[in-house]
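Beneath this line is the structure, given in structure tokens, with notes to follow.
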Amino acid sequence: MNKFHRLTVPGKVGAYVLCGGLAVATAFPILWMTLSVFKPSDEIINQPFKPPTSLGLDNLRNAWELGKFGVLYINSVLITVISVFGILFLEGMAAYAFARLRFRGRNLIFLVFLVGQLVPAQMIVIPSFIEMSQLRLLDTKLSLILQYLSWAPFAILFLRASFLAVPREIEEAALLDGAGRMTILWRIMLPLTRSAFATVATIYALWIWNDFLYPLVYLRSEGNFTVPLGLAEFQGLYTTFWGYLLGAISIAVWPPLLVYLALSRPIQERLATGAIR
Amino acid sequence: MASTVLPPSAAAGVTRIRRRPRRLLRESLTAYGLIAPAAFFYAAFQLLPIAGAFALSLFRWNGITLSEAQWVGLQNYDRLIHDPLFWRSLEHNVLVAVAVLVIQCGGSFVVAAIIHAGIRCHSFLRVLFFAPVVVSSVAVGMLAIFFFSPSIGLLNQTLGAIGMDSLQQPWLGSSRWALPSVAVTYMLQNFGLSMLLFLSALKQVDPHLLEAAEIDGASQGAILWRIVFPIIRPVASVVFLLGMISAFRLFETVYVMTSGGPFHASDTLVTYLYSVSFGGNDIGYGNAIGVALFLIIFTLAVIHLRVTRAGEANE
């Protein structure tokens with residue numbers, strides 16, 4: 001299967017230069033951060049290419065404590081997990097109805113759900129902020145969860161397509177046996193479309209975990225902050241504390257990166273199928 | 001279900017007439033019940049704010065008490081058309097979008113083809129290039145400051161160390177280089193996503209087709225451009241459109257690296273919207289910018305939907 005050796009010599013050189021350059025541009029910042037975080041601030045700035053002489057954990061420890069990253073991680077995990085499961089549940093039911101049931105206004109309602117796919121979150125962030133303030137929900141984790149639960153269009157589109165791919169005969173037998181729609185959805189459809197649900201969960205987890213705009217606009221008190229917002233606030237407070245900043249970035253970057261490195265195959269496959277559909 | 005007890009011959013005619021509307025009604029009720037929870041959240045936190053964005057763009061309001069909102073009709077849009085800062089922000093988005101199309105999307109197609117062909121370490125490169133996509137843009141932007149900072153940046157230190165002082169720039173502090181620095185960071189982070197989409201498309205291409213072309217003596221470059229690219233064109237248009245749409249939504253990277261500065265030199269539509277609404281408390285005008293952003297993205301997204309639907313029809 002290897003076609004690379006059939007390239008001409010200049011082609012090969014070009015390919016190595018391009019991929020090599022890009023590999024350096026991608027890997028170097030991560031490696032540099034990971035090594036430099038163990039050095040004191042003045043060394044990070046004055047001798048940026050000198051490897052660390054000892055494993056100084058001060059930057060990581062101070063960033064963890066000053067940035068309250070323990071709280072940030074608990075908040076982010078809580079908000080992401082609740083929102084993702086909520087979305088799978090809500091959008092799974094709705095997608096099933098759109099895929100399998102006949103009802104008045106089906107196309108119209110589906111079209112209304114599609115509209116959301118065309119609207120940038122950045123456009124509705126101000127009115128959403130005002131709505132949350134009217135509901136007296138500003139500066140709560142609940143406000144974010146409610147917002148994320150409304151991110152329906154992509155999940156509905158994607159899950160509906162996967163339900164449509166399941167042959168009708170499978171559930172018709174169960175229907176004749178008198179099974180209810182919820183039973184069919186839960187016992188028959190869900191196991192058959194598990195990979196579609198996993199895809200939706202992966203994509204939404206990434207979106208919600210890395211979302212910055214809504215936390216920035218909704219949250220005020222440190223105790224509610226998510227990881228990206230806490231990180232940005234940390235930057236504002238410790239602008240020139242270069243060691244602490246590197247510590248904070250490392251704390252925010254490495255855990256998700258390790259999850260990705262452990263699961264890179266399935267994550268890449270899911271994101272690829274999700275984005276094309 | 002009771003009717004099934006009757007002998008089929010006797011009941012068939014009657015039940016068909018009676019059962020159908022009732023079954024349809026029951027099915028409808030089930031459907032509404034299944035959709036209602038999703039529809040509730042969607043209506044409350046998507047549809048209502050969408051309507052709100054259009055409505056608020058017709059008012060002048062400082063965002064504090066609703067009763068102080070003052071109806072101004074299309075005045076905010078009139079101001080928008082004559083606002084040089086709006087056009088400048090839009091221009092920055094367009095520049096980034098063009099760079100994304102040419103460098104990120106074009107480059108990722110070439111890199112995807114090289115990785116697909118099986119360059120040494122191709123699995124490693126595949127994992128590496130995609131890694132920045134899963135990291136938060138805030139973290140990536142903050143890390144980029146260490147490279148582009150005028151005072152402590154690694155870029156300037158490296159250029160100084162290798163005797164190329166003349167190329168040193170204040171990067172993030174310069175009105176000329178702030179936007180390119182942000183754009184490079186942004187593209188480096190999103191490169192992996194475009195590459196991944198091209199890679200999964202390349203896997204679908206029938207290898208026999210390429211072998212035939214090789215036997216006919218076509219060069220690898222010609223095969224890539226003349227045979228492979230036309231086959232994966234539906235995916236390519238998705239990659240291009242997604243790239244453009246996200247370039248117009250550019251926010252986090254700018255917010256963290258330059259907050260739109262120096263002197264609006266790297267402002268985008270969304271950072272401008274944000275500073276007008278939350279810095280200047282000008283909610284009505286902020287929403288007018290939001291509606292303009294919506295019109296741009298809506299147009300691109302409609303094209304995107306058309307293309308993907310057309311792609312599905314061809315399959």
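The values are calculated or read from the model by the stated rules, or taken from the named source; none is laboratory data. Since the model is a prediction, treat every value here as computed from it, not as a measurement. Please note: Cβ atoms are built from the backbone with ideal geometry, for glycine as well, and neighbour counts cover all protein chains shown.
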Fill in: Residues (more than 10 Å from chain B (Cβ to nearest Cβ) and either in contact with a Pro (Cβ under 7 Å, 6 or more places away or on another chain) or aromatic (Phe, Trp, Tyr) (or both)) located in region A:189-213
A:Phe197, A:Tyr204, A:Trp207
Discussion item. Exactly one condition in (1) farther than 30 Å from B:His122 by Cβ; (2) at the interface with chain B (Cβ under 9 Å from one of its Cβ atoms); (3) out of contact with any Ser or Thr (no Cβ under 7 Å at 6 or more places or on another chain) is false for A:Ala275; which is it?
Written reply: (1)
Worksheet entry | Condition met for B:Gly221 (of a type outside the set (Asp, Glu), over 19 Å from A:Thr273 (Cβ atoms), assigned to a helix (DSSP H, G or I) and over 26 Å from the mean Cα position of the chain (by Cα)) | yes
Worksheet entry | Odd one out for B:Trp71 among (1) crowded, with 16+ Cβ neighbours inside 10 Å; (2) more than 11 Å from chain A (Cβ to nearest Cβ); (3) more than 30 Å from B:Val256 (Cβ to Cβ) | (1)
Worksheet item: Here are B:Tyr274, B:Tyr285, B:Tyr255: which of them is buried (at least 22 other Cβ atoms within 10 Å of the Cβ), out of contact with any His (no Cβ under 8 Å at 6 or more places or on another chain) and more than 10 Å from chain A (Cβ to nearest Cβ)?
Response: B:Tyr285
Response to the item:
Expected output for region B:195-220 (first residue farther than 30 Å from A:Leu271 by Cβ, partner modelled with pLDDT under 85 and hydroxyl-bearing (Ser, Thr, Tyr), Cβ below 8 Å, 6+ apart or cross-chain) is B:Ser219/A:Thr8
Worksheet entry | Test: residue in region A:132-139 that is surrounded by fewer than 21 Cβ atoms within 10 Å (Cβ to Cβ), over 17 Å from the mean Cα position of the chain (by Cα), of a type in the set (S, T, N, Q) and closer than 30 Å to B:Leu269 by Cα | yes
Worksheet item: Quick one: would you say B:Ser137 is touching an Asp or Glu at 6+ places or on another chain (Cβ under 6 Å), within 23 Å of A:Thr240 (Cα to Cα) and surrounded by 19 or more Cβ atoms within 10 Å (Cβ to Cβ)?
Response: yes
Practice prompt. Identify, by number, the condition in (1) of a type in the set (Asp, Glu); (2) more than 8 Å from every other protein chain (Cβ to nearest Cβ); (3) assigned to a helix (DSSP H, G or I) that B:Glu214 doesn't meet.
Written response: (2)
Practice prompt. Report whether or not A:Pro127 is out of contact with any Phe, Trp or Tyr (no Cβ under 8 Å at 6 or more places or on another chain), more than 30 Å from A:Leu229 (Cα to Cα) and assigned to a helix (DSSP H, G or I).
Written response: no
Discussion item. Return the residues of region A:5-24 that are hydrophobic (A, V, I, L, M, F, W, C), surrounded by 13 or more Cβ atoms within 10 Å (Cβ to Cβ) and in a helix (DSSP H, G or I); say none if nothing qualifies.
Written reply: A:Ala15, A:Leu18, A:Cys19, A:Leu22, A:Ala23
Discussion item. Go through (1) more than 10 Å from chain A (Cβ to nearest Cβ); (2) surrounded by 15 or more Cβ atoms within 10 Å (Cβ to Cβ); (3) within 30 Å of B:Leu80 (Cβ to Cβ) for B:Ile227 and report which single condition fails.
Written reply: (3)
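Let me confirm something: among A:Thr193, A:Thr273, which residue is over 30 Å from A:Gly56 (Cβ atoms), buried (at least 20 other Cβ atoms within 10 Å of the Cβ) and β-branched (Val, Ile, Thr)? Reasoning before the result, please.
Details: A:Thr273 fails: buried (at least 20 other Cβ atoms within 10 Å of the Cβ).
Exactly one of A:Thr193, A:Thr273 is over 30 Å from A:Gly56 (Cβ atoms), buried (at least 20 other Cβ atoms within 10 Å of the Cβ) and β-branched (Val, Ile, Thr), namely A:Thr193.
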Item to complete: Only residues that are of a type in the set (A, V, I, L, M), surrounded by fewer than 17 Cβ atoms within 10 Å (Cβ to Cβ) and facing chain B (nearest Cβ under 10 Å): list them for region A:235-262, please.
Response: A:Val259, A:Leu261
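Conditions (1) crowded, with 23+ Cβ neighbours inside 10 Å; (2) closer than 18 Å to B:Tyr32 by Cα, marked per residue:
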site	(1), (2)
A:Leu66	no, no
A:Gly92	yes, yes
A:Ala99	no, yes
A:Phe110	no, yes
A:Pro153	no, yes
Response to the item:
Here the residues within region B:119-161 that are polar (S, T, N, Q), closer than 26 Å to A:Gln47 by Cα and facing chain A (nearest Cβ under 7 Å) are B:Gln157
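Among the listed residues A:Arg102, A:Arg160, A:Arg136, identify the single one that is basic (Lys, Arg) and in contact with a Ser or Thr (Cβ under 9 Å, 6 or more places away or on another chain). Outline the logic, then answer.
Details: A:Arg160 fails: in contact with a Ser or Thr (Cβ under 9 Å, 6 or more places away or on another chain); A:Arg136 fails: in contact with a Ser or Thr (Cβ under 9 Å, 6 or more places away or on another chain).
Exactly one residue qualifies, and that residue is A:Arg102.
Condition check ((1) under 21 Å from the mean Cα position of the chain (by Cα); (2) in a helix (DSSP H, G or I)) across all residues:
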position	(1), (2)
B:Arg88	yes, yes
B:Leu95	yes, yes
B:Ile119	no, no
B:Pro132	yes, yes
B:Ala139	yes, yes
B:Gly160	no, yes
B:Leu172	no, yes
Fill in: Selection status of A:Gly86, loosely packed, with under 14 Cβ neighbours inside 10 Å and assigned to a helix (DSSP H, G or I)
no
Worksheet item: Taking A:Gly116 and the conditions (1) facing another protein chain (nearest Cβ under 8 Å); (2) assigned to a loop (DSSP other than H, G, I, E, B); (3) of a type in the set (Gly, Ala, Ser), which numbered condition does it fall short on, given that it satisfies the others?
Response: (2)
